[in-house]
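Below: the structure, in structure tokens.
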Amino acid sequence: MDDALKASDFAAYRAELEEMVKKFALGVKREQGQVEEILGEILGRLGALEAGTSGAPAPGGHLPWSLRATEQDWQDLADWIDWFGRHYAPQLHLRIWPCWPAHGGVVEELAALRAAWCAAVEADADPNRAGSELAYWHQMWLWPTIERIRHNYMFSECETDHSPDRPGRTTDTTALRTRVAEAEAERQRLENARYEFFAEVPKGWTPDRPDGLWRREDESWAYFSLLDWEWHAAEKPPVPPEALHPLTAERALELAGDRQSWVTYWAHYTDETDWRAGAPPTTVVRRRRSPERIYDEAYGPDGTWEPTEAVHDFFSARPSDPPHLVEIDAAQAARLAKGDIEL
């Protein structure tokens with residue numbers, strides 16, 4: 001009998017222990033999300049400290065009241081809040097705790113509330129403007145602001161002792177860059193949806209590497225300049241209609257963004273004799289055939305592009321002593337110029 005009782009007691013004890021473990025596990029699971037959030041905030045703040053950033057708005061941006069306010073502004077706000085507490089004597093759950101200056105969001109809310117009160121009092125004191133401004137302030141600003149402060153901020157935890165804020169984690173910069181890029185792509189898509197795009201493909205050229213880009217909205221034409229990389233209005237394309245090949249907006253933007261594909265490069269030699277003798281080129285020259293004009297440049301010794309007549313002289317029959325040009329691609333041009341080719 002005693003052994004049976006002991007076994008029964010053990011079974012009850014085991015069942016009770018299992019129930020306690022289950023409750024503990026459920027409690028841990030419920031708190032896990034909050035613990036992870038707090039840990040993430042702590043790690044984020046540590047990372048900001050290591051990087052030497054304060055989280056303040058960037059220089060030149062609009063500063064919040066707390067960073068614009070003078071010492072007197074802070075004292076005026078404190079005096080007003082103390083007066084409010086004495087004069088209105090709100091219920092305990094709606095009172096402003098003494099540690100309000102340590103809560104950034106609460107400070108901004110209270111500063112805005114006082115600013116609205118000052119404007120309402122000024123309007124109410126003016127006989128020419130007397131009306132319902134103070135009544136409106138009480139209804140629309142005072143109590144909604146106080147309730148929002150107690151409901152939305154950690155300030156509500158400070159009834160007996162100050163509880164420091166746990167600032168939210170900083171913005172995910174990768175997500176931000178991705179969203180900005182998506183928004184820009186969508187903006188461009190909507191902007192270009194109203195246009196028809198065309199590649200200018202005269203004889204000797206191909207749609208993959210056209211001689212120009214055009215777009216049309218109703219009867220209004222514009223060309224893509226290869227000099228400033230912007231669209232410019234034009235009467236009509238100065239080419240026969242059969243030289244214009246329709247493009248999708250996506251393909252037109254792709255072509256417009258690939259600036260190297262619009263440029264022809266040549267290695268520049270003093271003359272054909274030097275080239276045949278294996279002499280090195282003297283420089284690199286290039287041509288951009290923009291719809292408004294053809295623009296030729298040579299790579300100078302100081303690393304800048306300068307206007308040149310070399311391309312014109314090479315293809316013209318008139319000069320008596322023309323240079324000799326050998327067409328090369330952008331990669332070869334970069335190697336000869338001993339650096340990146342900048343358009």
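The values are calculated or read from the model by the stated rules, or taken from the named source; none is laboratory data. Just so we're clear, the structure is a prediction, and the values are computed from it rather than from any experiment. Don't worry about glycine lacking a Cβ; one is built from the backbone with ideal geometry, like all the others, and counts go over all protein chains shown. In case anyone asks, the SASA skips ligands and DNA or RNA and just uses the protein heavy atoms, side chains included. Shrake-Rupley method; radii C 1.70, N 1.55, O 1.52, S 1.80 Å.
Details
- Against the criterion of being at pLDDT 85 or above and more than 30 Å from A256 (Cα to Cα), G131 does not qualify.
- Going through (1) open to solvent by 100 Å² or more (accessible area, probe 1.4 Å); (2) at pLDDT below 60; (3) of a type in the set (D, E, K, R) one by one, R68 falls short only on (2).
- Answer from T145, T160, T206 - the residue that is of a type in the set (S, T, Y) and over 30 Å from R114 (Cα atoms): T206
- Of all residues in segment 191-235, exactly one satisfies the criterion of being without any contact (Cβ under 8 Å) to a residue 24 or more places away in the chain, under 16 Å from R287 (Cα atoms) and either touching a Phe, Trp or Tyr at 6+ places or on another chain (Cβ under 6 Å) or surrounded by 15 or more Cβ atoms within 10 Å (Cβ to Cβ) (or both), namely W205.
- Test: residue in segment 40-53 that is open to solvent by less than 60 Å² (accessible area, probe 1.4 Å) and either more than 38 Å from the chain's Cα centre (by Cα) or at pLDDT 60 or above (or both): no
- In segment 97-122, the residues that are surrounded by fewer than 18 Cβ atoms within 10 Å (Cβ to Cβ), of a type in the set (A, V, I, L, M, F, W, C) and either in contact with a strand residue (DSSP E or B) (Cβ under 8 Å, 6 or more places away or on another chain) or closer than 14 Å to F155 by Cβ (or both): C99, A102
- Of all residues in segment 242-280, exactly one satisfies the criterion of being of a type in the set (V, I, T) and more than 30 Å from D313 (Cα to Cα), namely T248.
- Restricting attention to segment 249-283 and to residues that are surrounded by fewer than 18 Cβ atoms within 10 Å (Cβ to Cβ) and closer than 11 Å to P323 by Cα, the residue that is farthest from the chain's Cα centre (by Cα) turns out to be T273.
- Filtering segment 85-128 to residues that are of a type in the set (D, E, K, R) and at pLDDT below 85 leaves R95, D124, D126.
- For segment 284-328, filtered to residues that are β-branched (V, I, T) and free of Cβ contacts under 8 Å to residues at least 40 places away in the same chain, the residue that is most open to solvent (accessible area, probe 1.4 Å) is I294.
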